[in-house]
Every structure is written in C-alpha cells, then in structure tokens.
Amino acid sequence: MRKIVAGLILGALLITFVAMILPLEFGSPRMSDMDDYFIRYGQEQTGNNNECTAIVFDYRGFDTIGESTVLFTAVIGVGIMFRRFFGGEEVEDE
Amino acid sequence: MSKLVRFAADILYPVVLIFGLYIVAHGHITPGGGFQGGAVIATGVALVIVAYGYREVTQWIGKGGLMAREVVGLLGFIGTALVAFIFGMPFFYNYLAGQGGLFGVPVTYGPNPGELNTGGTVPLMNFAVGIEVWGGLALVILYLLSGLVPHDDHEKEGS
C-alpha cells in the first residue's frame with residue numbers, strides 16, 4: 001500500500017516537473033539582467049576571458065572562500081579520523 | 001605493481017603534473033581553474049600511489065609537506081583578497097585588473113585570442129586554490145589509504 005502511494009506521489013511530482021519544464025524555451029530565460037551584466041561588463045571589469053572564473057573568483061569571491069574552507073575542514077576531519085593509522089600517533093583520551 | 005605499470009607511471013606523472021599546472025595557470029582564459037587543476041595534480045599523486053604502493057610513496061611524500069601546501073594555499077587566497085584593503089578598496093576588489101603591470105593588460109569586450117597576462121588577482125587566487133586543492137586531496141587520499149594498511153603490521157613498523 002505504501003509503495004503504491006509513494007509511486008503515485010512520485011509520478012505526480014514527475015509530471016508536474018515535466019509540465020513546468022516543457023513550456024520554457026532553451027536560450028531565452030525569463031530574467032536575464034544579471035547574466036547580461038556579467039556577459040557585457042565582465043571582461044572589461046575583471047580582465048578574464050573565462051566568465052565562469054570571473055564570477056567565481058571575483059564577483060562571488062566570498063563564496064569561494066567558503067568552498068576553500070569547506071575543503072580545509074574536510075581534510076582536517078579526515079585527518080582526525082585516520083590519525084591513528086598514519087604515522088602511528090595515538091589519540092589521547094581525556 | 002609490475003614493472004610495466006611503474007614505467008608508465010614514471011612517464012605519465014610529469015605529464016599529469018604539467019597538465020594540471022596548465023589548467024591552473026590558464027584558469028582565467030580557458031575552462032578550468034584552481035579547483036580543477038588541483039584535482040588533476042592530486043590525481044597524479046594517486047597514480048604514483050597505485051603504481052608504487054603506500055609504503056614506498058609515504059617515504060617520498062610526507063604528511064607535513066602536503067599539510068603545509070594546503071595551509072599556504074588557503075592563507076594565500078585570503079591574503080590576496082585582503083591586500084585590497086591596502087589600496088582602500090573593499091574585500092575581494094580586483095585591484096590588479098586593467099592597471100598595466102602584473103596580470104594587468106586591459107581586455108576589451110568581445111571575442112579575443114586571450115593573453116596570459118590578464119585577469120588581475122584571479123590568476124593569483126587560481127594558483128593559491130590550486131596549491132590548496134593539490135595538498136588537500138592528496139592528503140585525503142593518503143589518509144584514507146593508510147586505513148587499509150593492516151594495523152598490527154603498521155604498529156610493528158612504527159615501534
């Protein structure tokens with residue numbers, strides 16, 4: 001019973017998703033003010049031919065700091081988990 | 001691994017490193033950037049680990065060096081952004097773009113062949129992030145692999 005209900009809900013969601021996607025045309029977004037600004041002025045303002053890098057490292061650099069910090073934290077977490085195996089340092093119990 | 005694999009890894013390792021550095025250095029012109037290039041370089045480290053095994057590789061590649069690379073990369077990234085305060089600009093302002101000098105050749109709107117000496121602070125940040133991702137991912141690979149080494153064996157070796 002639960003599987004049937006779950007299947008029906010999933011199907012309804014899928015149909016809604018497709019019905020919302022289909023009327024949109026490719027290449028003509030509804031709102032493109034931000035994109036137009038980046039494409040028009042990105043090269044002159046940042047000097048980057050690669051617009052993605054200009055956005056990631058210049059316009060939204062703060063976001064990239066977060067990404068780098070997430071990577072740093074992940075490596076520290078893995079290091080804490082595997083410290084016992086690497087180099088034989090014992091974890092001190094307190 | 002066998003001699004063939006080691007020979008292939010010997011040839012491929014510098015190629016992978018150079019390709020990764022190319023992706024990092026050209027991040028502001030062609031697709032790619034610091035994260036992607038650093039991941040490619042870390043793949044080179046994984047290749048050497050596959051070819052030569054964990055024991056031998058840990059004698060060449062130390063934990064401290066990779067950790068230092070990671071820390072230097074992150075601090076260099078944040079430091080490059082902080083330098084903008086010296087010029088009286090907001091955080092992350094691109095103070096080098098279009099000024100002439102280092103990475104400062106002006107770029108006009110529209111398609112152009114592209115020059116390496118453009119981009120302002122973006123190439124510096126690409127290098128910093130590339131170094132960070134290199135150290136970080138290689139460190140994760142080494143750490144995860146160290147869990148596969150039999151524990152008793154490893155303790156005997158360490159003592």
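Exactly one residue out of B:Glu56, B:Glu70 is acidic (Asp, Glu), assigned to a helix (DSSP H, G or I) and closer than 27 Å to A:Gly66 by Cβ: that is B:Glu70.
Checking the condition surrounded by fewer than 24 Cβ atoms within 10 Å (Cβ to Cβ), over 29 Å from A:Thr69 (Cβ atoms) and more than 9 Å from chain A (Cβ to nearest Cβ), which residue from B:Gly76, B:Gly100 passes?
Details: B:Gly76 fails: over 29 Å from A:Thr69 (Cβ atoms).
Only one candidate passes the filter, namely B:Gly100.
Condition check for B:Gly130 on (1) small (Gly, Ala, Ser); (2) at the interface with another protein chain (Cβ under 10 Å from one of its Cβ atoms); (3) on the phi < 0 side of the Ramachandran plot: one failure, at (2).
Based on what the data block shows, is A:Ala54 in contact with a helix residue (DSSP H, G or I) (Cβ under 6 Å, 6 or more places away or on another chain), part of a helix (DSSP H, G or I) and not hydroxyl-bearing (Ser, Thr, Tyr)? Please lay out each step first, then the result.
Values: in contact with a helix residue (DSSP H, G or I) (Cβ under 6 Å, 6 or more places away or on another chain): yes; part of a helix (DSSP H, G or I): yes; not hydroxyl-bearing (Ser, Thr, Tyr): yes.
It is true that A:Ala54 is in contact with a helix residue (DSSP H, G or I) (Cβ under 6 Å, 6 or more places away or on another chain), part of a helix (DSSP H, G or I) and not hydroxyl-bearing (Ser, Thr, Tyr).
Surrounded by 16 or more Cβ atoms within 10 Å (Cβ to Cβ), small (Gly, Ala, Ser) and either within 10 Å of the chain's Cα centre (by Cα) or within 23 Å of B:Val107 (Cα to Cα) (or both): is that true of B:Gly20 in this structure? I'd like the intermediate steps shown before the answer.
Details: surrounded by 16 or more Cβ atoms within 10 Å (Cβ to Cβ): yes; small (Gly, Ala, Ser): yes; either within 10 Å of the chain's Cα centre (by Cα) or within 23 Å of B:Val107 (Cα to Cα) (or both): yes.
It is true that B:Gly20 is surrounded by 16 or more Cβ atoms within 10 Å (Cβ to Cβ), small (Gly, Ala, Ser) and either within 10 Å of the chain's Cα centre (by Cα) or within 23 Å of B:Val107 (Cα to Cα) (or both).
Among the residues making up segment B:79-94, those that are within 11 Å of chain A (Cβ to nearest Cβ) and free of Cβ contacts under 8 Å to residues at least 40 places away in the same chain are B:Leu82, B:Ala84, B:Pro90, B:Phe91, B:Phe92, B:Tyr93, B:Asn94.
Has segment B:35-49 got any residue that is assigned to a loop (DSSP other than H, G, I, E, B) and among the polar types (S, T, N, Q)? I'd like the intermediate steps shown before the answer.
Residues of segment B:35-49 assigned to a loop (DSSP other than H, G, I, E, B): none.
No: zero hits.
For segment B:29-72, the set of residues classified as polar (S, T, N, Q) and either at pLDDT 90 or above or buried (at least 21 other Cβ atoms within 10 Å of the Cβ) (or both) consists of B:Gln36, B:Thr43, listed by residue number.
The values are calculated or read from the model by the stated rules, or taken from the named source; none is laboratory data. Computed from a predicted structure; not experimentally measured. A quick note on method: Cβ atoms are made from the backbone with ideal geometry, for glycine too, and the neighbour counts reach across all protein chains shown.
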